[in-house]
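Chemist: Input: one structure, supplied below.
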Amino acid sequence: MNTQPATGATTTRPVNAASKPFGLRSYLVCLKGILVREGLRFLNQRERFISSLVRPLLWLFIFAAGFRQVLGVSIIPPYKTYVLYEVYISPGLCGMILLFSGMQSSLSMVYDREMGNMRTLLVSPFPRWYLLVSKLLAGVTVSIAQVYVFLAVAWFWGVKAPPIGYVFVLPALFLSGLMLCGLGMFLSSMIKQLENFSGVMNFVIFPMYFASPALYPLWRIQESSPLLYQICLANPFTYAVELIRFAFYGQVDWISLVVVAACTAVFLAGAIIAYDPSRGLMNRKQDTGGNA
Amino acid sequence: MTGKGRFLAAGVMAASMAGLLPMPAFAYKVYVSNEKDNTVSVVDSTTMEVVNTIQVGQRPRGITISHDGKFIYLCASDDDTIEIIDTATDQIVGSLPSGPDPELFVLSPDGKRLYVANEDDNLVTVIDLETKKVIAEVPVGVEPEGMGVSPDGSVMVNTSETTNMAHFIDTETHEISDNVLVDSRPRFAEFTPDGSQVWVSAEIGGTVSVIDNASREVIHKITFEIPGLRSESIQPVGVRITADGTKAYVALGPANRVAVVDTKTYEVLKYILVGQRVWQLAFTPDQKTVISTNGVSNDITFIDVATDEPVQSVTVGALPWGVVVSPN
């Protein structure tokens, strides 16, 4: 954000009737700044890059190999024939990357707030919602890059989707990534300190991941527990995984698309409201901010 | 690259990727014998849907088609007969005397004779299709099953499940000329298109023996290994070799896989996941698709020959056993 002079630094609402409105170019420069920063941060943190890749690959190489026989095979849409368990869980692992990465990107918001970097961002003369959306887009871009690296490794491991599926899956990944990053951002607005975030990770990431069709088809969950099945149906991550799964085979799962789009809108609106200084959520945190 | 150029490149890439998707082929009728519910399912190869179900005799197993595609011949094992189905009407129009418990058979290259393995009677029965009469019975080993005939029609091969042998029978004299010992429970015999080799699958032995037709000796044994599967569950049954003689497809029974084997190096190129207990295979006449019958999961799987990828599985009757594709 150093590309913008801090002309509006003294106010939290810099864009007003008196100042000259920014052109599209200025907005793009701002977006680029945030994107580049997020990208650099990701690339510079090699451990983060490796761990984000190793996590789904562990599931693919070890977990899937172990459970291949246990979970058996079945034909459910969008599959037209029998698939290996590795193939089944791949869309779920893409979702897992988006989930972890989205949360991690939001974690960085908490970090930024604690370290003071966020102030640099927030004193930018652009509207708050725009900054948040830019931050979100940056997070999603990094997530999608990770997904494609994972898919490339999976391809060499013999886990393949139809070639055209790798193109179709991009919008599904984007929308799902937006939803999960939005959720993470909304949650991060309610976290007072960095240390609290690990708790949310355990209470949000893992329940969302396991109560979804990422690892097992929902009909199997329904057989063992109708209640758990209902919980899975109430989980937005369920629809993100199915949206990605169908997209790999060039199909649109309309229910998933609607649910994911609606959740994206809700989480995004929630995050924008939560980060709006006039709404009070930020003020509450500022009370404890000094103790961090 | 300009924005426009980049857009164009992306479009070209997407189009070329779209070209990799399997194209719909000419519509054939696929006939599947369902051992348990005494029916034959007729499946359209383009829509991949069951279009008809024919009630047939008890325990239908071996199934083949006349070279002109007009008649299906079907072993109704428990009725001790071979039924004839007219492919134009999908109705049973007659039967052939087969001897007791016919299981598998093969049509001679000239289309005039049917060589039938009679499982309970240790016989191979030769039927003349014009007169619909038995013209010879050849005593073979215990529990005969697999039947193959050389492309020139001079030799037929029968495998006997309990004797563990491939019997080479002269089609003129109807006498056994050679017996070749193979691995346990040989199920199927398939000649290569040039007639130089016979591939015999052994269900319990878990191997496919490649027999040289000139020397009548086993020149290679193909073994199969699938990570995560016990060797006992790999049971080769049906074998089909492409018309150009480059690839062989081997159904591996309860391994739920079809192995693709390079016929030159005898190496397994790929294991294709299909339904449960895959039994027999058949090519479409254009050789673009191979179809497997999956007995326990009650379905058949269409496999693309160019990519060796499974395309779609279609539910048919109970315990699908044999499959044949009509050229019409």
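The values are calculated or read from the model by the stated rules, or taken from the named source; none is laboratory data. Everything numeric here is computed off the predicted structure, so don't read it as measured data. With ideal geometry, Cβ positions are generated from the backbone for all residues, glycine too; neighbour counts draw on all protein chains shown.
Chemist: For B:G205, state whether it is out of contact with any strand residue (DSSP E or B) (no Cβ under 7 Å at 6 or more places or on another chain), more than 14 Å from every other protein chain (Cβ to nearest Cβ) and surrounded by 18 or more Cβ atoms within 10 Å (Cβ to Cβ). So that I can check it myself, show each step before the final result.
Modeler: Working: out of contact with any strand residue (DSSP E or B) (no Cβ under 7 Å at 6 or more places or on another chain): yes; more than 14 Å from every other protein chain (Cβ to nearest Cβ): yes; surrounded by 18 or more Cβ atoms within 10 Å (Cβ to Cβ): yes.
Spelling it out, B:G205 is indeed out of contact with any strand residue (DSSP E or B) (no Cβ under 7 Å at 6 or more places or on another chain), more than 14 Å from every other protein chain (Cβ to nearest Cβ) and surrounded by 18 or more Cβ atoms within 10 Å (Cβ to Cβ).
Listed here are the residues, each with its yes/no results for (1) part of a loop (DSSP other than H, G, I, E, B); (2) within 14 Å of chain A (Cβ to nearest Cβ); (3) in contact with a Pro (Cβ under 9 Å, 6 or more places away or on another chain).
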{"position": "B:I211", "(1), (2), (3)": "no, no, no"}
{"position": "B:E225", "(1), (2), (3)": "yes, no, no"}
{"position": "B:Y249", "(1), (2), (3)": "no, no, no"}
{"position": "B:K270", "(1), (2), (3)": "no, yes, no"}
{"position": "B:T301", "(1), (2), (3)": "no, yes, yes"}
{"position": "B:A306", "(1), (2), (3)": "yes, yes, yes"}
{"position": "B:V311", "(1), (2), (3)": "no, yes, yes"}
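Chemist: What tally of residues in the range B:53-103 results from selecting those that are under 18 Å from B:E137 (Cα atoms) and of a type in the set (V, I, T)?
Modeler: 2
Chemist: State all residues of the range A:264-276 that are more than 12 Å from the chain's Cα centre (by Cα), part of a helix (DSSP H, G or I) and buried (at least 19 other Cβ atoms within 10 Å of the Cβ); if no residue qualifies, say none. It would help to see each step written out before you state the result.
Modeler: Pass one, the range A:264-276, residues more than 12 Å from the chain's Cα centre (by Cα): A:265-266, A:269-276.
After this cut, where a residue has to be part of a helix (DSSP H, G or I) as well, the list is A:265-266, A:269-274.
Result: A:A271, A:I272, A:A274.
Chemist: Would you mind finding the one in B:G317, B:G322 that is small (G, A, S), in a strand (DSSP E or B) and away from chain A (no Cβ under 14 Å)? Walk me through it before giving the result.
Modeler: Working: B:G317 fails: in a strand (DSSP E or B).
Exactly one residue qualifies, and that residue is B:G322.
Chemist: For the range B:82-107, which residues satisfy the criterion of being surrounded by fewer than 19 Cβ atoms within 10 Å (Cβ to Cβ) and polar (S, T, N, Q)?
Modeler: Result: B:T89, B:Q91, B:S95.
Chemist: For A:Y88, which of the numbered conditions (1) within 14 Å of another protein chain (Cβ to nearest Cβ); (2) surrounded by fewer than 16 Cβ atoms within 10 Å (Cβ to Cβ); (3) within 24 Å of the chain's Cα centre (by Cα) fails to hold?
Modeler: So A:Y88 meets the others, but not (2).
Chemist: Checking B:F283 against (1) more than 15 Å from A:V83 (Cα to Cα); (2) within 14 Å of chain A (Cβ to nearest Cβ); (3) not aliphatic (A, V, I, L, M), which test does it fail?
Modeler: All conditions pass for B:F283, except number (2).
Chemist: Quick check on my filter: what residues within the range B:27-63 are closer than 15 Å to B:N328 by Cβ, under 15 Å from the mean Cα position of the chain (by Cα) and of a type in the set (S, T, Y)?
Modeler: B:Y31
Chemist: Here are B:D178, B:D90: which of them is closer than 19 Å to B:A202 by Cα and either without any contact (Cβ under 8 Å) to a residue 60 or more places away in the chain or charged (D, E, K, R) (or both)? Quick ask: steps written out before the conclusion?
Modeler: Numbers: B:D90 fails: closer than 19 Å to B:A202 by Cα.
Just one listed residue meets the conditions, B:D178.
Chemist: Given the residues A:G158, A:G116, which is the only one that is on the phi > 0 side of the Ramachandran plot, modelled with pLDDT of 80 or more and surrounded by fewer than 19 Cβ atoms within 10 Å (Cβ to Cβ)? Walk me through it before giving the result.
Modeler: On the way: A:G116 fails: modelled with pLDDT of 80 or more.
Exactly one of A:G158, A:G116 is on the phi > 0 side of the Ramachandran plot, modelled with pLDDT of 80 or more and surrounded by fewer than 19 Cβ atoms within 10 Å (Cβ to Cβ), namely A:G158.
Chemist: Here are the criteria: (1) over 26 Å from A:L43 (Cα atoms); (2) away from chain B (no Cβ under 14 Å); (3) out of contact with any helix residue (DSSP H, G or I) (no Cβ under 7 Å at 6 or more places or on another chain). Tell me which single one A:A145 does not satisfy.
Modeler: It is condition (1) that A:A145 fails.
Chemist: Follow-up. I need the full set of residues from the range B:158-195 which are charged (D, E, K, R), part of a strand (DSSP E or B) and surrounded by fewer than 23 Cβ atoms within 10 Å (Cβ to Cβ), in order please. Before you say what the answer is, go through the steps one by one.
Modeler: Just the residues of the range B:158-195 that are charged (D, E, K, R), to begin with: B:161, B:170, B:172, B:175, B:178, B:183, B:185, B:187, B:190, B:194.
Filter once more, keeping what is part of a strand (DSSP E or B): B:170, B:178, B:187, B:190.
Hits for the range B:158-195 are B:D170, B:D178.
Chemist: Could you tell me which residue of the range A:169-193 is nearest to A:D276 (Cα to Cα), considering only residues that are surrounded by fewer than 20 Cβ atoms within 10 Å (Cβ to Cβ) and within 14 Å of chain B (Cβ to nearest Cβ)?
Modeler: Applying the filter and picking the extreme gives A:P171.
Condition check ((1) under 21 Å from A:R37 (Cα atoms); (2) outside any helix (DSSP H, G or I)) across all residues:
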position	(1), (2)
A:S143	yes, no
A:F150	no, no
A:G158	no, yes
A:P163	no, yes
A:P171	no, no
A:S198	no, no
A:N202	no, no
A:P213	no, yes
